[in-house]
1. Out of the residues in the range 107-125 that are part of a loop (DSSP other than H, G, I, E, B) and open to solvent by 60 Å² or more (accessible area, probe 1.4 Å), which is modelled with the highest pLDDT?
2. Being of a type outside the set (Ser, Thr, Tyr), more than 20 Å from Ile105 (Cβ to Cβ) and touching a residue at least 40 places away in the same chain (Cβ under 8 Å) narrows it down to one residue among Gln34, Gln8; which is it?
Amino acid sequence: MPPTESPQVLISVLLVVRNEAGCVAECIESVLDQTFPAEDYELIVVDGMSTDGTRERIREIQDRYPDRSIRVLDNPRGILSTGWNIGILAAQGRYVIRPDAHARIARGFLAENWRAMQAHPECAAVGGVI
């Protein structure tokens, strides 16, 4: 596991969403419910100007988890590639993990990916079943 005293964010989790009110809450909650230390990762949600209540669902989660940093950024073009670019530019982590909004990640997902990244620094990407 990473040292928790480090002020640097190690992992940025990016969610690019658009009209995902039906699933975004479960996805975000799975990202927040990790065995990886909360201070070592950040969550960035890039919203493609949703019109179905997605933004409101995200706000509800922000209210339920006031001690967690959940940044929400706008993606006015509403397309995935633009959203990823916005999120990656804003990311403060050493690594970026990008699950889809329909995914729920396992509690150990970030920790397992961190271990894989440390064990294989020559790799440009790691992943797993979500």
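The values are calculated or read from the model by the stated rules, or taken from the named source; none is laboratory data. Note that the structure is a prediction, hence the values are computed from the model and not measured. So basically every Cβ, Gly included, is an ideal-geometry build from the backbone, and we count neighbours across all protein chains shown. Accessible surface is based on the protein model in full, side chains and every heavy atom, while ligands, DNA and RNA are left aside. Shrake-Rupley method; radii C 1.70, N 1.55, O 1.52, S 1.80 Å.
1. The residue in question is Arg107.
2. Of the residues listed, the single one that is of a type outside the set (Ser, Thr, Tyr), more than 20 Å from Ile105 (Cβ to Cβ) and touching a residue at least 40 places away in the same chain (Cβ under 8 Å) is Gln8.
Let's see how each residue does on (1) of a type outside the set (Gly, Ala, Ser); (2) at negative phi; (3) in contact with a Pro (Cβ under 7 Å, 6 or more places away or on another chain):
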site	(1), (2), (3)
Gly78	no, no, no
Gly83	no, yes, no
Gly87	no, yes, no
Ala90	no, yes, no
Val96	yes, yes, no
Asp100	yes, yes, no
Ala103	no, yes, no
Gly108	no, yes, no
Pro121	yes, yes, no
